[in-house]
Each structure stands twice: as structure tokens, then as C-alpha cells.
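The values are calculated or read from the model by the stated rules, or taken from the named source; none is laboratory data. Model, not experiment: these values are computed from the prediction. Here the Cβ is made from the backbone with ideal geometry for all residues, glycine too, and neighbour counts use every protein chain on show.
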Amino acid sequence: MAADTLTSSEFIRHHLTNLTFGRHADGHWGMAHSAEEAKEMGFWAIHVDTLFWSILLGALFLFYFSRVAKKVTSGVPGKMQNFVEWLVEFVDESVRGSFRGKNPLVAPLALTIFVWVFLMNAMDLIPVDLIPWVLDKLGIAHFQKVVPSTDPNLTFAMAIGVFLLTLFYSIKIKGVGGFAAELTMQPFEAKNPIIKIIMLPANFFLEFVSLVAKPISLSLRLFGNMYAGEMIFILIALMFTAGPVMTVFGWGLHLVWAIFHILIITLQAFIFMTLTIVYLDMAHHKH
């Protein structure tokens, strides 16, 4: 295992470093061979492992659901169809309970977000050393983070996508004037036009902060919870190098945390989906 040849701090840093592609200090483009090189690549660096695992899990989700859809039957459903139908009904009930408008995009979007985020989170249940160790032995990659949702670049990208949809439907449903009024005419209201004008800067500041806080909180909530969970798994993995007693204790602790973590990965996927529905409902709601 990697912990047998690395110090504790090096082991933690190794597992928290993405497989990064970008521009090196001398100007050429290529993979980073150390955490320092990855950091020097700056903003335009690409986290190859995050893209690979997120796209792979998304493709598996589409393949699985499309396969069930093609073989759907009106008779007694099989196990795969029964599971997919239960999942669709669960998401549909969540949409009906939180979304008051009419938009055929919301339910499929909610289903996609829930399943995709859950699959990415579930990668955290794989032993932290397994996939990186295999890929390192095969000479494919030295660094490898297999949990995409522990990368803030991905969580922010998903949150920004939801944010752009919120802005689009806010303007589409309310119009430019209605959306501008929503940002400037509340929470402080007045019938006097002069007081209204005086209150515009304060209203805009408060509403703008509230608007921008949505994608930030949406992304940081998912990233923070999954990053913390991954860090705990890494710390538990270090116990396997501290002797036979600590190894046995580490296996037990790993099992307990993995069982508890199943609740966390499911809850975080549900929260991301629910907040997306709520934000889109707010965008469709006229004050």
C-alpha cells in the first residue's frame, strides 16, 4: 500500500492531489508529477480524474436507465425495472411537493442530479488506496482522486449550472423588469416613490447577496461534507500501518464509518436535488 512507503503527511497529501493536466512553468503542457507542479499550473489546469470518473458514472447512469426503458413491460416488472420505477416515483413526489409551477424539465433534471451525485458520492465507499494503487502499478497515473464530489471544481460547476437555469427562468417567467423589481423592491417596501428610490441600493445589496449565496452554498455544502468524509477514510487507512492491533481496530472503524457514510452520501444527493427544485420553484414564482 502507498502508506508503507510514504509518511503520514505525504500519504494524506498524495490522496488529496488530483491527476492534473496543465501548463508547466517552462511553458509546455503535460501531466503534473507532484502536488507542487499541480498547484503551479493555476486556474486553467484540468483535473483529469474528476472529469473521467464523473463522465464514466454519468454514462453508467444513462446506460442503465435507457436499458430499463427499452425493456419496460406493463406486466410484472423485473428487479431492475422495479428499482428504476421506485426511484422515479420518489423523485416525482419530491418535485410535486416542492415545485408549484409547470416545467417538464424539472423532474428529469432532479432525477439526473440525484442519481449522478449519489453515484459520485458512493465512490467514497471504495477503499482509498485500491484504485490509486492499481493505476499506479499499471503505470497509468500516480495521482488519482476517485470521488468527483470532493473536487470543488465539479461541485461549483454543477451549482453554477443550476444557478444559470434559475436566472434563465426568472427572466423568462417574470420578464427583465419583473426580475429587476424582485432584486430592488424588496425586502424594504414603501408606497412613497422617493423612499422607494432611497431603498433601492439597500434592497439590491441584500437580494444580490442572497442570489449569489445560492450557488456558493449549494456547491460548498456538497464539497465540504464529501471532503470531510474522504479525509476520515484516509486517516483510518493510516491505522493499517501502525501494527496488527491498530489494523484490526482500523478495519472495524472503517466498517462502522462506511455504514454511517451511506446515509451521508444519500442525504447529500437528496439535499442537492431538493435545493435545485426549490431554487427553480422560486424562479417560477411571481411576487
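Name the residue that is farthest from the chain's Cα centre (by Cα), counting only residues in the stretch 147-189 that are closer than 30 Å to residue 227 by Cβ and not in a helix (DSSP H, G or I). Looking at residues that are closer than 30 Å to residue 227 by Cβ and not in a helix (DSSP H, G or I), I get 147.
From 83, 63, 90, which residue is more than 27 Å from residue 234 (Cβ to Cβ) and exposed (fewer than 12 other Cβ atoms within 10 Å of the Cβ)? Let's see the steps before the verdict.
Values: 83 fails: exposed (fewer than 12 other Cβ atoms within 10 Å of the Cβ); 90 fails: exposed (fewer than 12 other Cβ atoms within 10 Å of the Cβ).
One residue alone meets the criteria, 63.
Would you be able to say whether some residue in the stretch 37-48 is touching a Leu at 6+ places or on another chain (Cβ under 6 Å), aliphatic (A, V, I, L, M) and within 30 Å of residue 285 (Cα to Cα)? Scanning the stretch 37-48 turns up no residue that is touching a Leu at 6+ places or on another chain (Cβ under 6 Å), aliphatic (A, V, I, L, M) and within 30 Å of residue 285 (Cα to Cα).
Screening the candidates 235, 218 for the property of being more than 29 Å from residue 115 (Cβ to Cβ) and not charged (D, E, K, R) yields one hit, 235. Taken over the stretch 18-40, the criterion of being farther than 20 Å from residue 140 by Cβ and of a type in the set (A, V, I, L, M) is satisfied by 25 alone.
Conditions (1) of a type outside the set (A, V, I, L, M, F, W, C); (2) modelled with pLDDT of 90 or more, marked per residue:
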position	(1), (2)
108	yes, yes
113	no, yes
120	no, yes
127	yes, no
146	no, yes
182	yes, no
190	no, no
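Could you grab the pairs with beta carbons closer than 8 Å, sequence gap of 6+ or different chains, first residue in the stretch 6-19 and more than 14 Å from residue 48 (Cα to Cα) and assigned to a loop (DSSP other than H, G, I, E, B), second one at pLDDT below 85 and not hydrophobic (A, V, I, L, M, F, W, C)? Within 8 Å, the pairs are 6/14.
In this structure, is residue 240 more than 21 Å from residue 122 (Cα to Cα), out of contact with any Leu (no Cβ under 9 Å at 6 or more places or on another chain), in contact (Cβ under 8 Å) with a residue 60 or more places away in the chain and among the aromatic types (Phe, Trp, Tyr)? Spelling it out, residue 240 is indeed more than 21 Å from residue 122 (Cα to Cα), out of contact with any Leu (no Cβ under 9 Å at 6 or more places or on another chain), in contact (Cβ under 8 Å) with a residue 60 or more places away in the chain and among the aromatic types (Phe, Trp, Tyr).
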